[in-house]
Structure formats: structure tokens, C-alpha cells
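Engineer: Dropping the structure in here first, questions after.
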């Protein structure tokens, strides 16, 4: 009756406590993992935004280059037209046609690249001015070829070409100014996104490391407390069993005078002892299963270490992406250098055009004005290129800071791996201590069972020792209670190991789901 009640009580305790430690360990390891995964996702999202911003910067750069190319071709068309009017040389007509083809090609490229409404409107107006000037040039060319030079000069003096050129240069300046502002805006946006990513990564790394340390300390304290309670219970039960066994030995010595009358009973005692030995072997197998569960817990912790190593590899992959971002920044710097070189070349061409205008005398005054305007545009393009180079340098500095923060994240993961390794070592040491305790308890239980069976047979055979038999019965009860307490302690130890194993499995599934 007492055995049944105690057994039911132990089963209820086991069912009530089986989820406590498991849930706490799972929650403790999940918090830093989720925090770090969230930080990684935010950094990855911001990196994609930076890539998009740099693509926009590259498109703006290409647009500025094509517009400058278009403006240079238009300016050369004006110069060729005036040169043909002055010297009537067919070579200038060929140069004019070549520049007109360049103008049209640049227009086709820009038509595919421009997507803003206001810029599209300016571009359409610039195209229309180019077509009008081409018609104007064809009119003058036809008059000169027909020998009507005076009529051609009259058409030239109307100022239509100068007006078209002025409108074209004004639109070109407005277009480049809008694109330059857009370029600065895109670079500022990319820089802000990178700065936000750096800040989030720093905060996430610090919070993950702090949370991991606190939770690891809480879990280790909880596990140590439960193991200490279980070991204390086993020690107390073992002491009670030893006391009961000593009392039983005293009673057995007092009944030595009746041993001759119970010889046949002792024969049966040998058979009972064999049965008790079989039961002890069964208990040993159960203890080995407990040890196997502890070893499985160690293996799961090692798997956790491997998964943490994979997390570190992912952080390194982020660092590689940042390096690629730096390479693209270098490419943008190269494009900006090309823009500066093109501006220098344009400036030199404008200077040469001014020299030619001086040589042309009175007819070259308007051409000199055009050359001066072209030089101003070239200077503006060169200033824009210098501004872009400065922005690229700032982005490189931000990339360097991001790289250092990523290295700090890797070090944080390595600290977590070291902490998990220490936990694995603690489980290993715990398994050895449990093995020693269980073996000692099994030996005590075996001896107690043998004594109990022998005393029970002796009590049944010795009717003349009723008082001593009652004492033996009380000792048997104490032994049973001690054994039941040992069983409860074994259940608690098994619960701890099983909860640790299941928590590690759930943690591994969670990490697989996150990855």
C-alpha cells in the first residue's frame, strides 16, 4: 500500500516537472539566436537598399556622360556650320554630319535612360532644338551650294542659330544641374542606409552577447540547483538505508540461536538472493540508459557548437558582401574620373575653338561665345566629378566601419561558442558523477533487498521470536521508503537529462528553421 502511494506521488511529480527545465533552456537559447537573426536580416535588407542606391548613382552618372556627349556634339555642329559658311570647305560638312550622328546616337541612349518627367521634358526640348538647327544648317548649306552666299549670310545674321544654341545650352545646364542634385541625394540616401545598418549591427551584437551571458548564467544556476537537490536526496536516502541495515544486522545476530531451525528456509533464501541479483542487473541496465541519455545531451551540445560555427560563416559572408560593395564604390570612382577627363577634353576643345574663332576674325565672334559657354559647361562637369569623388571617399570610410562591426559580430559568436563548450564539459562531468552515485546506490539497494528477503523468510519460520519479527518488519518498512526515495531521485536525474536532450533537439530544429 505504501509502495503504491509513493509510486503514484513520484509519477505525478515527474509529469508536473517534465516541461519546466526544458522550456526554460529552450527559451534561453532562443532569445539570443532570434536577436542575432533579426540583426542579420536588417543588415541584409539595408545592404540590398545600398546596392539599389548605387545602381541609381551609376544610372545618373551615365546620363550625365551622355548629355555632355550630346552637348559637345551640338557645339561642334555649330562650329562646323560657321566654319563652312566662312571658308566653304566640304570637310566641315563631313565633320558636321559626323557630329550630327553622334548627337542622334546620344539622344537614343538618353531616351532609354531618362525616366523622370521634368528631365524627359527638357530632353525632348533639347532634341527638338537639335532638329531645328539641323534644318537651319541644311538651309544655309543649300544656299551656299547654289552660289547664294549673301542670302546665306543674311539667314545667319537673323540670329536663329545663336538663339537655338543659347536655348540648348540653357536646357543642358538645367538638365545637368538636376541630375547632379539627384546624384547627391542618392549618395546621401546610401550613406544614411549604411549608417543605420552599422548602428543596428552594433546594438544587436552587444544585446546578443549580454543576453547570452545572462541566460547562460541563469540556466547553469538552475541545472546546478536541481542536480544538487537530487544528489542530496540520494545521500539522505542512502544514510537511512544504512541505519536500517545496521538495525537489521543487530536483530539478525540476536536470532542466531534459531538458525539451526531455519536451514531449509535458508535454502530458499539462496534462490531469493539470485532473484534479487537479477533485479539488480535490470536496475544497472536502467542506469546505463540514463548515462546514454547524458551522452546524447553532450552530442547535441556539440551539434549546437557546429551550428554556431555556421552562423559565424554567415556573418563572414556578410563581410564579403561589404567588400563587394567597396569594389562597386571603386567602380563609381572610376566612372567619375572618366567624367572629369571628358570635361578636361571638352575644355581643351573649347579652347581650340576659341583660337580658331580669333583666327576667323569678325566672323568668329559668335563662335568664340559658343566656345566660352562650352568651357563653362566643362568646368561645371569637372566640379561635379570632384564632388562625386568626395562622396565615394565617404562611402569607402562607411564600408570600412561596417567591416569592423562585422568582425565584432564574429567575435561575439565565438564567445557564445566557448560558453556552449563549457556547458558541454559540465554535462560530461555530471555524467561521470551520476554514474558513480548510481553504482553505489545499486550496490546498497542489492544488499538491502538480500537482507530484506532473508529476514522475511526468517520471520515466517521463527514463531517464538514475535517481538524481534516486529522490529524486523519496521526495519523493512524503512528500507522500502529509502529505496523509494532513491527511485524518486533517479527519476529526477532522468528528468534533467531528458529535458536537456529534448531542449537541445528543439534548439537544433529552431536553428535549422531560421537558417
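The values are calculated or read from the model by the stated rules, or taken from the named source; none is laboratory data. Every value quoted in this text rests on a predicted model; they were computed, and no experiment measured them. All Cβ positions, even for glycine, are placed from backbone atoms using ideal geometry, and neighbour counts span all protein chains on display.
Engineer: Using beta carbons and a limit of 6 Å, which pairs, at least six apart or on different chains, have the first residue in the range 368-380 and over 13 Å from residue 74 (Cα atoms) and the second one surrounded by fewer than 20 Cβ atoms within 10 Å (Cβ to Cβ) and modelled with pLDDT under 80?
Structural biologist: Listed pairs, sorted by first residue: 368/354; 375/347; 378/347.
Engineer: Could you say whether any residue in the range 103-111 is assigned by the TED database to the domain that holds residue 175, within 14 Å of residue 80 (Cα to Cα), assigned to a helix (DSSP H, G or I) and without any contact (Cβ under 8 Å) to a residue 60 or more places away in the chain?
Structural biologist: Taking the range 103-111 first, the residues assigned by the TED database to the domain that holds residue 175 are 103-111.
Next, only the ones that are within 14 Å of residue 80 (Cα to Cα) stay: 103.
Okay, now just the ones that are also assigned to a helix (DSSP H, G or I), so 103.
Among the residues that remain, those that are also without any contact (Cβ under 8 Å) to a residue 60 or more places away in the chain are: 103.
Within the range 103-111, one or more residues are assigned by the TED database to the domain that holds residue 175, within 14 Å of residue 80 (Cα to Cα), assigned to a helix (DSSP H, G or I) and without any contact (Cβ under 8 Å) to a residue 60 or more places away in the chain.
Engineer: Now for a different question. Going by the conditions given, is residue 127 assigned to a helix (DSSP H, G or I) and either in the same structural domain as residue 362 (by the TED database) or within 16 Å of residue 64 (Cα to Cα) (or both)?
Structural biologist: yes
Engineer: Would you be able to tell me the number of residues in the range 25-43 that are within 23 Å of residue 401 (Cα to Cα) and modelled with pLDDT under 75?
Structural biologist: Total meeting the criteria: 5.
Engineer: I would also like to ask the following. (1) farther than 29 Å from residue 110 by Cα; (2) without any contact (Cβ under 8 Å) to a residue 12 or more places away in the chain: which one isn't true of residue 215, the others all being true?
Structural biologist: So residue 215 meets the others, but not (2).
Engineer: A further question follows. Does the range 99-109 include one or more residues that are over 49 Å from the mean Cα position of the chain (by Cα) and surrounded by fewer than 17 Cβ atoms within 10 Å (Cβ to Cβ)?
Structural biologist: For the range 99-109, residues over 49 Å from the mean Cα position of the chain (by Cα) and surrounded by fewer than 17 Cβ atoms within 10 Å (Cβ to Cβ): present.
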